Amino acid sequence: AISGVSLVDQINVLLIQVFAALATGGAIVVSQYIGRNEKENARSAAKQLFLITTLAACIIMTVCLCFCPYILRMIFGSVEDGVMRNCKIYFYMSVVSYPFLALYNSGSAIFRSMGKSRITMYISIVMNTINVAGNAIFIFGFGMSVFGAALATLISRATGGIIITAMAHNKNNPIYIDFKSLRLKFSLIKRILYVGVPNGIENGMFQIGK
């Protein structure tokens, strides 16, 4: 069980770094508009950040759900059947959490751009508390082993993603997300990716090497 979780977390860490890199690109673009006092453009950039990261996470989730066994075999080779069985359980549950993880990273980037990093800290504390408590309850209380660990992670990420998205929608913030018209603006997306992609490759090189 421990081996299965440890192996899959190598993939999870890589994808977390990808989402964080995209969020960083978005945060830089939003911050530039805030610095020029162009709040409308800052809101548009923030919305595009949410759209592109969530879309990327949903695509990755779909691919991983469809090709889970092949992906694990390609990366980890001929591990023992028991380890691979636990890898699949943990990977399937982890994959479902990717869109929520993308939402959390995007929201965190926006709040940091506004100088409200304390909000992301509080939400992070809530997420980790849920994760630790969920592990204790599901693993030791109900004996759910790897599935319990994955379920606790999914619940914590879903909670964090939903909370920060709801807070980012609050129009009392100088920069907020308006979900009325969700259209891709490729000029803004290009600017976000221009920063985010090189940053993601740089941060992910060590994990890719492993």
Of the residues in segment 194-205, those that are in contact with a Gly (Cβ under 8 Å, 6 or more places away or on another chain) and open to solvent by 60 Å² or more (accessible area, probe 1.4 Å) come to TYR194, VAL197
It is to be established whether one or more residues within segment 115-123 are over 15 Å from VAL5 (Cα atoms) and of a type in the set (Gly, Ala, Ser). yes
Taking segment 1-26 and keeping only residues that are over 15 Å from the mean Cα position of the chain (by Cα) and open to solvent by 20 Å² or more (accessible area, probe 1.4 Å), one is left with ALA1, ILE2, SER3, VAL5, SER6, LEU7
Sole miss for ASN37 among (1) open to solvent by 20 Å² or more (accessible area, probe 1.4 Å); (2) of a type outside the set (D, E, K, R); (3) closer than 21 Å to LYS185 by Cβ; (4) assigned to a helix (DSSP H, G or I) is condition (4)
Note: among LEU72, LEU101, LEU51, just one is touching a helix residue (DSSP H, G or I) at 6+ places or on another chain (Cβ under 6 Å) and under 20 Å from HIS169 (Cβ atoms), namely LEU101
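Each row is one residue, and each column tells you yes or no for (1) β-branched (Val, Ile, Thr); (2) farther than 20 Å from PHE19 by Cα.
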{"site": "ILE139", "(1), (2)": "yes, yes"}
{"site": "PHE147", "(1), (2)": "no, yes"}
{"site": "LEU154", "(1), (2)": "no, no"}
{"site": "ASN172", "(1), (2)": "no, yes"}
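The values are calculated or read from the model by the stated rules, or taken from the named source; none is laboratory data. These numbers were taken from a predicted model, which means no experiment stands behind them. Note that we place each Cβ from the backbone using ideal geometry, even for glycine, and neighbour counts take in every protein chain shown. These area figures cover heavy atoms from the full protein model, side chains too; ligands, DNA and RNA do not enter into them. Shrake-Rupley method; radii C 1.70, N 1.55, O 1.52, S 1.80 Å.
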